[in-house]
Amino acid sequence: MKFIYKEIARLSNESIQQTINSLQDYITILNDIAKANTYEDLECSMNLPFDTELLKIVQGLASKKITDKLKYVILIGIGGSNLGTKAIYDALYGFYDLLQPTRFPKIIFLDTQDEEVLAKTKILIERLSDKEEILVNAISKSGGTTETAANLEVIYAALTKKFGDVKDRIVFTTDVGSKMYQIATKKGIDVLNLPKLVGGRFSVFSAVGLFPLACIGFNLENLLRGAQNMRSLCLRSASEDNPAAISAAILYLHSVSGININDNFIFLPQLESLGKWYRQLMGESIGKENKGITPTVSIGSTDLHSVGQLYLGGPKDKISTFIYGEHPKYEVIVPENTEFDLVDTIPQKQIHTIMYAIVEGTLSAYTKQELPYLVVALDKISEESLGEFMQFKMMEMMYLGHLMEVTTFDQPQVELYKVETKRILNTK
Ligand code: PA5
C-alpha cells in the first residue's frame with residue numbers, strides 16, 4: 001500500500017510535522033500496548049492480528065462447522081458486528097455473487113429489519129435439503145441489539161421448522177457474560193467471544209470478523225499478515241514515516257480550519273462496503289462532544305457522473321481520500337478492431353489503463369481546482385492489502401481521536417436510539 005500526501009494535502013510540511021510531533025507521547029503509549037500484547041487497554045484491538053490462540057480457536061470451530069454441503073453462512077449482526085466482515089467479503093466475493101451464482105459458500109448478511117428480505121430468506125431455508133447446507137453466526141457484542149435479536153428469532157424459527165434441532169448449526173459471537181453468552185451456554189450453542197475492550201468497529205480481526213470468513217474458506221493468515229505489517233508502520237515514531245499518524249494529522253489540520261467532510265473516493269467498486277466500514281469507524285469514533293468529521297463514500301468512476309460536479313465546482317468543504325488499485329488482477333482489453341468506433345482512444349487499451357487514466361484525470365482536476373486530497377494506492381485487492389488498509393485506518397482513527405481530544409472508543413449517543421426503540425416497542 002502506498003500513502004501519498006505531499007503537496008496534494010495542501011498543507012505545509014512544517015504544520016504536518018508539528019502535529020505529528022504532538023502525537024509522540026501517544027505513539028509511545030501505543031508501542032507499550034503493543035509490547036504488552038494484552039487486551040487491557042482501549043487501543044488493544046491492534047494486538048488482535050498477533051493473537052495465535054484466537055486464530056486457533058476460530059479455525060478449530062470453523063473446521064467443525066464447514067461441511068462439503070455448506071452453501072450459506074447467515075451472518076446476523078449490525079454495525080460493528082457485520083460491517084468489517086461485509087467489507088472484506090464484498091471486496092473479494094460478494095460483489096460478484098450475481099456473476100458467480102454457483103460459487104459457495106456465500107455469506108448472507110442480515111442487519112436491519114426488512115420483512116421482504118426475511119421472507120425470502122425463509123423461502124431459501126425452506127428449499128434446502130440438509131441442515132449442513134447452512135450455518136448461522138449471530139454476532140452482538142452487547143448481546144441485546146433489537147435488530148439482531150429479531151432477525152435471529154425469525155431465522156431460528158424457520159430453521160427448526162424445517163430441520164428440527166439445529167443448535168449445531170448456530171454460533172453466537174458476543175462478550176463473555178452478556179445475555180447472549182448466558183443463553184448460548186445454557187442451550188449448548190457454540191459461542192465465541194471478543195475482548196471486552198474491543199469495540200464493534202475495531203473488532204474485524206477478532207472472532208467477529210475471523211469466524212464467518214474462516215467458514216467460507218478465506219485465507220485468514222494473509223489478512224492478518226497485512227494487518228501485522230501495517231501495525232509496525234503505524235507505530236513508527238513521529239520522526240519516521242508513520243502513515244496513520246500523518247493521515248490523522250492532515251485530517252485534523254483541515255478539520256480545525258473548517259474542512260469537516262472526508263470523502264473516500266474509491267475507484268474500485270467492490271470496495272464500497274469497505275468505505276462504509278470506514279464511515280462507521282470515523283463516524284462513531286470522533287463524532288461526539290460537538291466535534292466530528294463527516295465521512296462520505298464515493299465510487300469512481302460512477303460517482304464522477306453524479307457528484308463530480310459538486311465536488312469540483314461546489315463548496316471547498318472536503319478533503320478527499322482517493323483509493324485505487326495499482327495492478328489489475330485480470331487483463332481485459334478493448335478489441336483492436338472496434339465495432340462501433342464511439343471513442344477513438346480506446347482500441348487495444350487495457351480496461352485498467354482506461355480506469356487509471358480516469359483516476360489521473362480526476363486527480364489532475366482536483367489539483368487544478370486547488371482541492372486537498374490524499375492518495376491510498378493498493379497494490380491490488382487481496383486478503384493482505386485489505387488487512388493492511390483496515391489496520392491503517394483503525395490506527396489513523398486512534399491518532400485522530402487523540403488529536404481531536406475525544407473519547408475515541410465509545411459511542412454513547414448510539415445508545416439513545418436503542419433505549420428509545422426498546423421503550424416504544426414496550427408500548428406496542
Ligand atoms: O460500534 C458500535 O459499537 C455499534 O455500531 C455496534 O456495533 C452496533 O450497535 C451493534 O451492537 P452489538 O454488536 O452490541 O449488537
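Please treat every number below as a calculation from the coordinates, not as lab data. Note that the coordinates shown come from a computational prediction; the quantities given were computed from them, not determined experimentally. Note that we place each Cβ from the backbone using ideal geometry, even for glycine, and neighbour counts take in every protein chain shown.
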Exercise for the section: With runs of 4+ DSSP H residues as the only contributors, calculate the mean residue ellipticity of the chain at 222 nm using -39,500 (n - 2.57) per run, divided by the residue total and rounded to the nearest 500. Expected result: -15000 deg cm²/dmol
Practice task
For the chain, with a Gaussian network of springs between Cα atoms less than 10 Å apart, report the residue from 334, 166, 117 with the top mean-square fluctuation.
Solution key: 334
Fill in the blank from the handout: Counting all Cα-Cα pairs in the chain, those more than 43 Å apart amount in percent to 15
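How big is the C-alpha Rg of segment 202-271 next to the rule-of-thumb value 2.2 N^0.38 Å, as a ratio?
Against the compact-globule rule of thumb, the ratio is 1.46.
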Exercise for the section: Give me 388, 43 ranked fewest to most by other Cβ atoms within 10 Å of their Cβ, as a rough exposure proxy. Expected result: 43, 388
Fill in the blank from the handout: The extension gain from residue 425 to residue 354, computed as 0.36 nm times the residue separation minus the Cα-Cα distance, is 20.3 nm
Handout entry: Gained length - residue 405 relative to residue 32, 0.36 nm times residue gap less alpha-carbon distance
Key = 132.2 nm
Fill in the blank from the handout: Other residues with Cβ under 14 Å from the Cβ of residue 347 give, with Lys and Arg +1 and Asp and Glu -1, a net charge of -3
Problem - Evaluated over segment 248-330, the Cα radius of gyration and Dmax, each in Å - result: 13.5, 47
Fill in the blank from the handout: Listing 64, 141 by rising number of other beta-carbon atoms within 10 angstrom, fewest first, gives 64, 141
Handout entry: Extension gain, residue 225 back to residue 153 (0.36 nm per residue minus Cα-Cα distance, nm)
Key = 22.3 nm
Fill in the blank from the handout: If every Lys and Arg gets +1 and every Asp and Glu gets -1 at its Cβ, then about the Cα centre segment 161-294 yields a dipole, in debye to the nearest 20, of 600
Practice task
Could you pull out the pairs from 349/393; 329/349; 120/276; 56/288; 64/106 whose alpha carbons sit more than 27 Å apart here?
Solution key: 349/393; 56/288
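Work out the length of the dipole vector of the chain about its Cα centre, built from +1 on the beta-carbon of each Lys and Arg and -1 on the beta-carbon of each Asp and Glu, and round it to the nearest 20 debye.
Approximately 1360 debye in magnitude.
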Practice task
Kindly work out what percent of the DSSP beta bridges joining two residues of the chain are antiparallel, to the nearest 5.
Solution key: 10
Exercise for the section: Output the relative contact order of the chain, whole-number percent, from Cα pairs under 8 angstrom with separation of 6+ residues. Expected result: 23
Problem - Cleavage-rule hits, chymotrypsin sites (Phe, Trp or Tyr not before Pro), segment 148-244, DSSP coil, Cβ neighbours within 10 Å at most 12 - result: none
Exercise for the section: Under 10 Å from the Cβ of residue 223, count the other residues' Cβ atoms, weight Lys and Arg +1, Asp and Glu -1, and hand me the total. Expected result: -3
Completion exercise
For residue 294, the residues 5 or more places away or on another chain with a placed amide H closer than 5 Å to its own amide H are 261, 262
Fill in the blank from the handout: If unit charges are put on Cβ atoms (+1 for Lys and Arg, -1 for Asp and Glu) and the dipole of segment 319-377 is taken about its Cα centre, the option from 375, 351, 325 lying farthest towards the positive end turns out to be 375
Completion exercise
log10 I(q)/I(0) for segment 35-157, Debye formula on C-alpha points only (no solvent), q = 0.14, 0.18 Å⁻¹, two decimals, reads -0.73, -1.14
Problem - Size of electric dipole in segment 236-367: Cβ of Lys, Arg +1 and of Asp, Glu -1, about Cα centre, debye, nearest 20 - result: 660
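Over all directions, what mean area does the Cα convex hull of segment 286-326 project, stated in square nanometres?
With the hull built on Cα positions only, its mean projection is 4.0 nm².
In the chain, which whole DSSP H runs stretch at least 15 Å along their own axis (Cα) and average 0.5 or higher on the Kyte-Doolittle scale? Numbers along the way, then the final one.
Working: long enough: 24-36 (18 Å, 0.08); 52-65 (20 Å, 0.09); 115-127 (18 Å, -0.07); 146-163 (25 Å, 0.26); 220-234 (21 Å, -0.19); 243-256 (20 Å, 1.45); 272-286 (21 Å, -0.63); 351-368 (26 Å, 0.58); 383-404 (31 Å, 0.04); 412-426 (22 Å, -0.63).
Span-like helices, by this rule, are 243-256, 351-368.
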Exercise for the section: Hey, can you grab everything whose amide H is under 5 Å from the amide H of residue 323? Only 5+ residues off in sequence or another chain; H modelled, so Pro and N-termini drop out. Expected result: 265, 266, 267, 376
Completion exercise
Rounded to the nearest Å, the spacing of the alpha-carbon centers of segment 274-315 and segment 133-156 is 29
Handout entry: Residue of 338, 148, 121 that the Gaussian network model of the chain assigns the largest fluctuation, springs spanning Cα pairs under 10 Å
Key = 338
